[in-house]
Structure formats: structure tokens, C-alpha cells
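The values are calculated or read from the model by the stated rules, or taken from the named source; none is laboratory data. The structure presented is a predicted model; accordingly, all values stated were derived computationally and were not measured. Positions of Cβ are backbone-derived with ideal geometry, glycine not excepted, and every protein chain shown enters the neighbour counts.
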Amino acid sequence: MQERVLKELLRDRVLVLDGAMGTMIQRLGLTEADFRGERFKNHPAELRGCNDVLNLTNPRAIEGIHKEYIAAGADIIETNTFNSNSISLADYGLGYMAREIARVGAQIACKATAGTKTLVCGTMGPTNVSLSLGGEIDFDRMAEAYCEQALGLMEGGVDLLMIETAFDTLNAKAAIAGIEEAQTILGRRVPLMISATLTESGRLLSGQTLRAFVNSVIHARPLSIGLNCGFGAEGMIPFLRELKDLDCFVSCHPNAGLPNELGQYDESPERMARTVETILSEGLVNIIGGCCGTTPDHIALIKQATLNASPRRPVAKPKDLLRLSGLEALDVLADDFLKVGERCNVAGSRKFLTLIKDGNYSEALEIARGQVSAGARVLDINMDDGLLDASEAMAQFVGMLTIDPVTAPVPLMIDSSDFDVIERALKLIQGRSIVNSISLKEGEDVFLDHARRIQRLGAAVVVMAFDEQGQADTFERKIEICERSYSLLTDKVGFRGSEIVFDPNVLAVATGIPEHNGYALNFFRACEWIKSDLPGARVSGGVSNLSFSFRGNNPLRKAMHALFIDYARKLGLSMAIMNPTAPIAPTADMDPEMLEAIDDVLLCRRDDATERLTEIASRCNAAAVSAPKAAAPKEKHQLTLGELLISGSADGLEAQLDEALERVGSAMAVINGELMDAMNRIGDLFGAGKMFLPQVVRSAAVMRRAVDYLTPRIEAEGKADGVESARPVMVLATVKGDVHDIGKN
Ligand code: THG
């Protein structure tokens, strides 16, 4: 079915998705032999629990389940392919068969729907690894696994694809990239549904809010975004309300309540249907069905509930909305102005360069935190330096920024002239970033290739006014290049205007070279033209470049930037890479005479403008020299044990443990006291959505290191008491191969 027809159908009524596959398979009580069938009789690994292999070994059973759901009234059934990817199936030694298992899964579902109007949705689970936590499997490997799975599903004939149970946005982004690749290979597209699962804090396990998640996956142009699994239908209502103004359709397929002590879901069909009625009466969804624990009985009653319901209407967003995200969403309207923090740049800050060169990333992180506290809404990160491995430095720093509680909420601007550095960084970031930058410097082919890669990874892009002939400095050259870039990006790559940020080059003025006199004015005119002639496009600039002639004279530079931004904003500048502490308009403490002289320079009003400004500059420089020096940085403060655990840092951990041992007298008391208090606090912060899984994992590593350090003491204490320490064994178990493996591991 064509996407257009499907969209019409969804405007007409609420469609019903089927219920759980796993629950139904469990009910069949299949044995190891049933899972193995003839084909895998001698397979070395146990296959019981590998539901997807049943597509090959017991297709009738799967077809029967599909038919039950079709009979119950499902408009869309999901293939038995949740784990049919080479990463999850590797647990069973079946990774190499992922594509075939997916394809046959799709064929079984298609066969079951023969003669009905039911659609087949190819389901793709999140795999059993989390990219945001790092590990052996990287973005490319995961994208490749999803590509294979999507190829299999599309070859098998699915009408739709669904990225399901997304708990880590980076996994979902790899899935999108893989699906895009599969669609390119096959030369056709199928509509895509994307469904996330939230923790009770309303965030994904990887820490993003639901709205940040939406911004991070919107580049896939999905048919629907929604929620599944989770904690029952009722618990989903507040989060479905958050999707009320979404511009695509909304899906929802909850579990049958919360699991009981035995891990079974026992919300009755009647009770679930009542909650579904509430959801439908509020007009919150377009597609509804069931996840863990739901059965054909649930689906039949849900279908009943939809018969009189009116579907939710997608809400059109302003066409020029720019959507960004870190752990939180940043929706930028056409007339908003954003400060992009410039200081995490090895070329723009000597202090930052020194810290990175020395490997002092924790102090470098302090600079980033400072930028956010000072009002930066986006952080520009640049590691381009001849003596650095920019790719490694970028990867390491981005890894810290995306989990630090202060910086992680904020979108990043990845600034490098090396596209490999940019691409590597984008594959580590779950948010929607801005690439800084691409240009026509190396011609159209490279430009288009880079743009397509960026689009597939879901970032917005800064385009420099630079082409094969070099950097544009006149108004005419600036707009010619911007117009050409805009056409290429919108016509050939499919960018939206709002995803393109033009940088018409902020160049240094008052340099003493007469040709430079018009540089600010040319920039202003370009802002105005871009704003009016290139729909949706934004304008940005590296404002501090403007005043390079006056390096060292900060009061003057600050005044120049303030005036420059003030003018440019009025003409359409929508973001500036700048020192976020700086004002964006002249302030009362700026010398009027100086402002006047700057005006003359910026607007090119007098032939002697540069001389006059230079003269004023030397006067205020003298004043600056006599000003008191800033206070010396205070000594680094040693974190307490609790603070170390919460911040996930092991800096000085052993010394703090020795001190605590002194204080409380026994290793067990240290563990049960300060360390456990901190762990409980971490649990609370996690529950409240104030700490996220990657941070918790770091904290756990610190705890482990602390316990390892204390273990010999505990044993010694036990011996001194005359008792051999009898350590009990705790066993944790969960179902093999499903998403909960993450928690277990
Ligand atoms: N356009 C785009 N990206 C850019 C720029 C641009 N990225 C880099 C740069 N230009 C913007 N960033 C800075 C950062 C710092 C300074 C200038 C531009 C700066 N630094 C002081 C100096 O060099 O005098 C600080 C010195 C120090 O603290 O050591 O001025 O134009 N798209």
C-alpha cells in the first residue's frame, strides 16, 4: 500500500495493531525440539526461547498466531522478527541467518493476511546492546545489522516497518541509517513507524525526554511516532499527551499492565479496553494495539473501542521550525536567537587547547559547563589542531559532554574541517546536532556526498559561503554561493530550509587593509537577503572573528560584538558562535564615543573609521592594563566519597576510602554507610529522571572499584572476628535475548 493511501486511511479512523507475539508463543508450550525442528537438529546452541527461529522451524505456529490476531480485528499485524537481527541472534549462534529469518517472518505474515485487508508491519526490536553505553558494537555495525533486517523484511513483502521498543535513541538512529541504506539498495521505500519505550521518569533509558527523542528521529520522516511496552496503558496517558502537537501520526501499544511477582502481565482485556477508551476519547492516537501480555481477547475488545472513536489529527508545525536536541529538545522558531558557546575550541581558546593537549578532560568539561551556565543554548566543539588526534579528542570529549548533567541536555555543534571527525562524532550522539560545516570548497560532488551522510545521521548543517573559487567576501559572492548551496541541499538531498544554517563569513574589520572595510556591511546585507530569499534557512556567524585586529582588548571587542550582533539580529541573524557571557546589544557601561567609532567601522561610514577606532582602542587598552587581575583559580576541591560516586569519578577514591576507614573503623561500615547512602541517592536521582543510565553505569564502576579496594579489609576483619566471611550468592535471571538483557548485563 502506498504511503499516501495509508495516510488517508489514518485520517479516517484509528487502526488496530495486533498484540504480543511472545505471550502467544509461550502459551504453545513448545519444547527445545520444536524450536530446533529438523533444520537445526544438530545446532550447537540451545534454541528454546529464540522465538524468531520458529519462522524457519515452525512457521505454522506463527501463522496461526497471526490469524488469531486478524480474526480479533487487527488492521496491522507485526511480523515475528523482533530479534531477527545479526546482533541479537548471535546469542543463539544464528547471527548469520538474520536476513533469512526476517524475510521468512515477513512471508509468513503476508500469507496469513492473504485475502484480507490487514497490513503487515515488519518489526525491528532494539537489539540487546545499548550504543549509548559504548562497547564492542558500534553505530556502523548496528546500522549494518538493521540494514540486513530491513532488506529481509522488505524482500518478504511487508507494507510497513517499525523500529520498536526504542530505549536508546542512538540505537534508533542506527536503525534509521540502516533502513535508509536498505531502501536505497532496493530502490523503494515503505512507511516507517517508530515506537519508544519510556522509564517511569518519562525518559528513555538513555536519558532523553520524549520530545528530545522525537527531534532526534524526525529526520526519518516517520509515518508515526509512539510508545510501546512500558508500564501499562494507564501509565502511558500522560506521555501520549506530550505528543499531542506532533506533526505525524501517533501509535501506542502498551503492555497488559505491570508485571506481577511472577513476571506475568495480568491486566484483563476488559480493564485494558476501558483505559484504551479513555485514550481514544481524548483523541490521543491513530494506531493502537498491545505489547507484552496482550492476547487476541485484548485486541478484540480494543478493536471494539476504536469503532466509534475519532482519530487524532497530526498538528502542522511551523514550516521553518528548527528541531534540535541533547537529552532535551530545543525547538527553534524562525525569529529566535541562540547563543552557541564558542569556548570549547582548541583554535579559539588557549586554555582549552592546553587542557586537551594535557589530557585534562575533566577541566575541559568545566569550560563546557561554564558555557551552558552562561547561557549557551548549543555548544560548538572544535578539536582541529595539528598536534592533536582530532578524531580521538572529539570522540572522547563528546562522550563526556553527552553524559554530564549540565551539558547533556544541550544540543552540540560539531565543528571540524575534517569530515571524518564530524561523522564519527555524529555516530556517538543520540541528540540532533548541527554540523559545522560543509561548503562547496571541494565542488558539488563532495558537498552532496557529505550532505547526504549528514542527513542520514539526522543533523542540521552549517554551510559556509565558500566555493571552488574560495571564501566569499563580497555581498554578491556570498548570496550566489548560498543560493547555489540551498538549491542543491533542498532539491537534490531533500533538506528542509530550516535544517540549513548559512554562515556568510564574519571576517575581521579595521585591519588597516582598505578592502576589508566593507566586511561587516556585506555580512549584514547577506543576512537580510538569506532571510528573505531562502525560505526557512537560518544565518549564523562566528562573531569573535570580527575583532581579531583588537586581540587582547576585551572591552573593545565586547562592544564590537554587541553592536554587530544587534544589527545582524535585526536583519535575520538567528544564531551566533560567541562567548555566551557577552551581551548581544550595547550596554550602558559601554563608552558612547567608542560605540560611535565602532558604528562607523561596521557600517563603513567614514574613510578614517579604522584610525579613529584604533586610537580609542589604545586609550582603553591602557585603562585595562591597570585593572586588577582576575583572582587566581581556586585549588581543586577533593570530592567526598558520596560525591565521587554520584559524579562517577574515581579521582582520589582510594585516599578517601582510607580516610573513611580511619573515621568509621571498619570496611563493612564504610560500605553500609557512606557508599550505600550514595548508591541510594543515585537510585533516587535515576528514578526522578535527574541521572541517566550512562551516568549510573559510571557510578557503578566507581562503587565496584571501592568495593574491590575494601574487600581484602573485609576479609581481614572477618578473620579477626574469628569468623570466615560467608558470602552469600545472589542469582539474577531474565529472559535471554530480549531487551531486559541490558539490565541483566
Ligand atoms: N564560522 C563557523 N564556525 C566557526 C567560526 C566561524 N568556528 C570557529 C570560529 N569561527 C568561532 N569560534 C571562535 C572562538 C574563539 C574566538 C574566535 C572565534 C576568539 N578567541 C580569543 C582570541 O583568539 O583572541 C580567545 C583567546 C583565548 O582565550 O585564548 O576570539 O566564523 N561556522
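Table: residues versus (1) under 25 Å from Glu674 (Cα atoms); (2) at pLDDT below 75; (3) among the hydroxyl-bearing types (Ser, Thr, Tyr).
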| site | (1), (2), (3) |
| --- | --- |
| Ser699 | yes, no, yes |
| Met703 | yes, no, no |
| Leu710 | yes, no, no |
| Asp721 | yes, yes, no |
| Ser725 | yes, yes, yes |
| Met730 | yes, no, no |
| Val735 | no, yes, no |
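Filter segment 554-571 for residues that are surrounded by 20 or more Cβ atoms within 10 Å (Cβ to Cβ), of a type outside the set (Gly, Ala, Ser) and out of contact with any Pro (no Cβ under 9 Å at 6 or more places or on another chain) and give the result.
The answer is Leu556, Arg557, Met560, Phe564.
So which residues in segment 14-39 are touching a residue at least 24 places away in the same chain (Cβ under 8 Å), surrounded by 15 or more Cβ atoms within 10 Å (Cβ to Cβ) and either in a loop (DSSP other than H, G, I, E, B) or under 30 Å from the mean Cα position of the chain (by Cα) (or both)?
Val14, Leu15, Val16, Leu17, Asp18, Gly19, Ala20, Met21, Gly22, Leu30
If Gln430 satisfies all but one of (1) under 25 Å from Phe524 (Cβ atoms); (2) not in a helix (DSSP H, G or I), what's the number of the condition it fails?
Gln430 satisfies every listed condition except (1).
Go through segment 220-246 and give me each residue that's in contact (Cβ under 8 Å) with a residue 40 or more places away in the chain, more than 23 Å from Val410 (Cα to Cα) and in a loop (DSSP other than H, G, I, E, B).
Those that are in contact (Cβ under 8 Å) with a residue 40 or more places away in the chain, more than 23 Å from Val410 (Cα to Cα) and in a loop (DSSP other than H, G, I, E, B): Leu223, Gly230, Lys244.
Hey, among the residues in segment 336-354 that are assigned to a helix (DSSP H, G or I) and basic (Lys, Arg), which one's farthest from the ligand (Cβ to nearest atom)?
This residue is Lys351.
Are there any pairs, at least 6 apart or on different chains, whose C-beta atoms fall under 7 Å, with the first in segment 544-562 and farther than 17 Å from Thr610 by Cβ and in a helix (DSSP H, G or I) and the second β-branched (Val, Ile, Thr) and more than 9 Å from the ligand (Cβ to nearest atom), and if so, which?
Note: pairs meeting the criteria are Ala562/Ile584; Ala562/Thr587.
Name the residue that is farthest from the ligand (Cβ to nearest atom), counting only residues in segment 487-524 that are small (Gly, Ala, Ser) and surrounded by fewer than 23 Cβ atoms within 10 Å (Cβ to Cβ).
This residue is Gly494.
For segment 545-588, give me each residue that is within 18 Å of Ser618 (Cα to Cα) and away from the ligand (no atom under 13 Å from the Cβ).
Correct list: Pro555, Ala559.
Looking at segment 382-427, which of its residues are part of a helix (DSSP H, G or I) and surrounded by fewer than 16 Cβ atoms within 10 Å (Cβ to Cβ)?
Listed by number, the residues that qualify are Glu392, Met400, Asp420.
Determine whether segment 354-368 contains at least one residue that is among the hydrophobic types (A, V, I, L, M, F, W, C), at pLDDT 95 or above and farther than 24 Å from Gln695 by Cβ.
no
Scan segment 597-616 for residues that are among the charged types (D, E, K, R) and surrounded by 16 or more Cβ atoms within 10 Å (Cβ to Cβ) and report the count.
The total comes to 3.
How many residues are within 15 Å of the ligand (Cβ to nearest atom) and outside any strand (DSSP E or B) when one looks only at segment 525-542?
Selection size over segment 525-542: 4.
Being in a loop (DSSP other than H, G, I, E, B) and in contact with a helix residue (DSSP H, G or I) (Cβ under 6 Å, 6 or more places away or on another chain) is true for just one of Ala102, Ala114, Ala106, Ala74. Which residue is that?
Checking each option against the conditions leaves just Ala74.
Being of a type in the set (Val, Ile, Thr), more than 16 Å from the ligand (Cβ to nearest atom) and either more than 18 Å from the chain's Cα centre (by Cα) or closer than 17 Å to Val346 by Cβ (or both) is the filter here; which residues of segment 413-450 pass it?
Of everything in segment 413-450, just one residue is of a type in the set (Val, Ile, Thr), more than 16 Å from the ligand (Cβ to nearest atom) and either more than 18 Å from the chain's Cα centre (by Cα) or closer than 17 Å to Val346 by Cβ (or both), namely Val446.
Any residue in segment 88-113 that is among the acidic types (Asp, Glu) sitting within a Cβ distance under 7 Å of a residue that is crowded, with 24+ Cβ neighbours inside 10 Å? List the pairs, counting only those 6 or more apart or interchain.
If the second residue must be crowded, with 24+ Cβ neighbours inside 10 Å, the pairs left are Glu100/Gly152.
List every residue pair whose Cβ atoms lie under 7 Å apart, where the two residues are 6 or more positions apart in sequence or sit on different chains, the first residue falls within segment 420-445 and is under 14 Å from Gly399 (Cβ atoms), and the second residue, located anywhere, is among the basic types (Lys, Arg).
Gln430/Lys173
Taking interchain pairs and intrachain pairs at least six residues apart, which have beta carbon atoms under 8 angstrom, with the first residue in segment 453-468 and on the phi > 0 side of the Ramachandran plot and the second among the small types (Gly, Ala, Ser)?
Gly458/Ser216; Gly458/Ala220
Within segment 443-463, can one find any residue that is under 19 Å from Arg343 (Cβ atoms) and at pLDDT 95 or above?
yes
Pull up segment 643-677, narrow it to residues that are within 18 Å of Asp404 (Cβ to Cβ) and in a helix (DSSP H, G or I), then point me to the one that is modelled with the lowest pLDDT.
Selected residue: Ser647.
Can you run down the residue pairs with Cβ atoms below 7 Å, 6 or more apart or on separate chains, where the first is in segment 490-513 and farther than 16 Å from Arg525 by Cα and outside any loop (DSSP other than H, G, I, E, B) and the partner is of a type in the set (Gly, Ala, Ser) and away from the ligand (no atom under 16 Å from the Cβ)?
Thr490/Gly497; Gly497/Gly536; Ser498/Gly536
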